[in-house]
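Enquirer: Let me begin by handing over the structure; questions about it come next.
Values quoted throughout were computed directly from the atomic coordinates according to the rules given, and no laboratory measurement underlies them. Model, not experiment: these values are computed from the prediction. Quick reminder, even Gly has a Cβ in these numbers, built from the backbone with ideal geometry, and neighbours come from all protein chains shown.
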Amino acid sequence: MLYDNLTINEKGHLCMAGMDTAELARQYGTPLYLMDEERITGRMRTYKSAMSGYFGAGSLPFYASKALCCRRILELAKAEGIGVDVVSAGELYAAESVDFPMDRICFHGSCKTKAEIDYAVRLGVGFFICDNAEELRRIDAAAAKCGVRQSVLLRVTPAIDPHTFAAVATGLIDSKFGLPIPTGQAREFTRLALSLKSVVLRGFHCHIGSQIFDKQPLCDAATVMAGFAADMRDELGYSAEIIDLGGGFGVPYVESEPEIDIDDTIRLVAEHYKAEMSRRGFGETAVFMEPGRSIVGDSGLTLYEIQDVKTIPGLKNYVAIDGGMTDDPRYALYQSRYTMLLANRAGERADTLYTVGGRCCESGDMLGEDISLPEARVGDLLCVLTTGAYNYSMASHYNCVPRPPIVMLRDGKSYTAVRRESFREMLACQFDDT
Ligand SMILES: Cc1ncc(COP(=O)(O)O)c(C=O)c1O
């Protein structure tokens, strides 16, 4: 099995966290997202202790809530004492709704509207991760209006290739995010921040990409950030207090992808970063990181019921499921790979190749091609592993398909964190009375 929280019971059913997933599908219906709560909190704890242990005091992980913005996960992050990274007023609202401590929130995003900035400043959000000069001026004006001085980190692009898929590489020189170091724009950005009265420059941020397995680009980014911090000290007399190295640790979706040892990777990056900083005469700085996928990704799976099985002789076998791109658009967007199995026949030999087609009227609505399964039958439960990140949070109502529920598993019990949407809820904004 891909993960150690997955087992097969005597009925041949797939179990997660010791619970029979076929039973859970019967109880809650399909499509269904299941999440292993203990695995999520375990990851939060690993990040928190590794960061304070290896990077030192004040260092903290901020859960990137874009991976799965769900109030229950935010409550877990709050209880575990880690921070949260939000990228919109909506994500900030979700955090506010669970009374998340504002001083542990980073407000991200490459295009924050004035209304969003006003809202976040009014709430007293801990840090803005500022993308560009115009935005910085808007933050300064909003803070001045509120009579506060707003902490900001500047997002800079270190021009590092993270060796990941192009669609999730974000630290290249021509990235849409932040301002590049090599062109000198990051220096001018810093100069501007230092000249504004109502922002307090606390440091610099970078995020080179997502689904990264190779430690070298993470160390390279740390080197570039240390060099940039030293340049800003030497050229502008500004000493950064905080360096944010972003998120991006990969999780294995298929057997051929390695499992990252989070603690060991942070240890290695921290050793490298601290050596680079001290070589440039810096004392200890706080380091932030923003893991999303590696906190929730492999804690989730999705169950679908197979509605139809279709064979086009000599060409293809299809299974049609009761979900697809509306609850998981990642294959349609990036041709993402997944491990799939039949949850109700998990012990059987997977010797037939299938294309998994979603329910939408859209040729691109697929979850995978050439997927090995036992010979599939109508009513079987298709399980897609590793759907905890960028699934529910990317879900849509295309074809008026309501979003599935999220059911959490903890201590041998299950509970609903997000209930199944009704048609009425899906159309709520189209009725006059809501
Ligand atoms: C700025 C920033 N931080 C953190 C993340 C989280 O990345 P991951 O889920 O790969 O850890 C992202 C993802 O897009 C991001 O853009």
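Enquirer: Does segment 230-274 come out rounded, prolate or oblate by the C-alpha gyration tensor, with a ≥ b ≥ c the root eigenvalues, rounded set by a/c under 1.5 and, if not, prolate when a/b is larger than b/c and oblate if not?
Expert: Prolate.
Enquirer: If I model segment 201-246 as equal point scatterers sitting on the Cα atoms and use the Debye formula, what is log10 I(q)/I(0) at q = 0.16, 0.32 Å⁻¹?
Expert: Log10 I(q)/I(0), no solvent term: -0.45, -1.18.
Enquirer: List the GluC sites (Glu not before Pro) within segment 329-405 that fall in a DSSP loop (any state other than H, G, I, E or B) and whose Cβ has at most 14 other Cβ atoms within 10 Å.
Expert: Of the GluC sites (Glu not before Pro), the ones in loops of segment 329-405 whose Cβ has at most 14 other Cβ atoms within 10 Å are 348.
Enquirer: Now, a different point. Give me log10 I(q)/I(0) at q = 0.11, 0.15, 0.17, 0.22 Å⁻¹ for segment 62-138, Debye formula, one equal scatterer per alpha-carbon, no solvent.
Expert: Reported log10 I(q)/I(0), two decimals: -0.24, -0.44, -0.56, -0.91.
Enquirer: What three numbers, in Å, describe the spread of the alpha carbons of segment 1-106 along their principal axes, ordered from the longest?
Expert: That gives 49, 33, 18 Å along the principal axes, largest extent first.
Enquirer: Find the Cα radius of gyration of segment 37-291, compare it with 2.2 N^0.38 Å by division, and give the number to two decimals.
Expert: Scaled against compact globular proteins, the figure is 0.95.
Enquirer: Relative contact order of segment 37-291, please, whole-number percent, based on alpha carbon pairs below 8 angstrom and at least 6 residues apart.
Expert: Rounded, it is 19 percent for segment 37-291.
Enquirer: Based on the Cβ-Cβ distance from residue 315 to residue 115, what FRET efficiency comes out when R0 is 45 Å, to the nearest 0.05?
Expert: Between residue 315 and residue 115 the formula returns 0.30.
Enquirer: What whole number of Å gives the distance from the Cα centroid of segment 131-154 to the Cα centroid of segment 184-204?
Expert: One Cα centre to the other: 10 Å.
Enquirer: Run the numbers on the chain and let me know its relative contact order in percent, using alpha-carbon pairs under 8 Å that are six or more apart.
Expert: 18 percent
Enquirer: Could you state the number of Å between the C-alpha centres of segment 234-293 and segment 1-20?
Expert: Computed from Cα coordinates, the inter-centre distance equals 34 Å.
Enquirer: I would also like to ask the following. Just check segment 336-434 against the gyration tensor rule for me: Cα atoms, a ≥ b ≥ c as the square roots of the eigenvalues, rounded for a/c under 1.5, and otherwise prolate or oblate depending on whether a/b exceeds b/c. Don't jump to the answer; show the numbers that get you there.
Expert: Working: a/c = 2.43, a/b = 1.51, b/c = 1.61.
Oblate, since a/c reaches 1.5 and b/c is not below a/b.
Enquirer: Right, here's the next one. Given points 7 Å out from each Cα along the Cα-Cβ axis, report the residue 231 to residue 26 separation in nanometres with one decimal.
Expert: Here the modelled spin labels are 6.3 nm apart.
Enquirer: Let's test the formula: R0 of 22 Å, r as the Cβ-Cβ distance of residue 149 and residue 188. What FRET efficiency results, to the nearest 0.05?
Expert: Working from the Cβ atoms, E equals 0.55.
Enquirer: Rounded, prolate or oblate: which one fits segment 71-210, using the alpha carbon gyration tensor with axes a ≥ b ≥ c (rounded when a/c is under 1.5, else prolate when a/b beats b/c, else oblate)?
Expert: oblate
Enquirer: For helix 133-146, report the angle its Cα long axis makes with the longest principal axis of the Cα atoms of the chain; keep it between 0 and 90° and round to the nearest 10°.
Expert: For 133-146 against the chain, the angle is about 80 degrees.
Enquirer: If you rank 196, 153, 353 by fewest surrounding Cβ atoms within 10 Å, what's the result?
Expert: By the 10 Å Cβ count, ascending: 353, 196, 153.
Enquirer: Nearest 500 deg cm²/dmol is fine: what mean residue ellipticity at 222 nm does the chain get from its DSSP H runs of n ≥ 4 alone, each adding -39,500 (n - 2.57), divided by its residue count?
Expert: -9000 deg cm²/dmol
Enquirer: Could you state, as a whole-number percent, how many of the C-alpha pairs of the chain are farther apart than 27 Å?
Expert: Tail fraction, whole percent: 54.
Enquirer: GluC sites (Glu not before Pro) within segment 5-37: which are DSSP loop residues with at most 10 other Cβ atoms inside 10 Å?
Expert: Within segment 5-37, the qualifying GluC sites (Glu not before Pro) (loop, at most 10 other Cβ atoms within 10 Å) are 10.
Enquirer: For helix 37-50, report the angle its Cα long axis makes with the longest principal axis of the Cα atoms of the chain; keep it between 0 and 90° and round to the nearest 10°.
Expert: Taking Cα atoms only, the helix is inclined about 30 degrees.
Enquirer: For the chain, find the longest principal axis of its Cα atoms and tell me its angle to the long axis of helix 185-195, 0 to 90°, nearest 10.
Expert: 60 degrees
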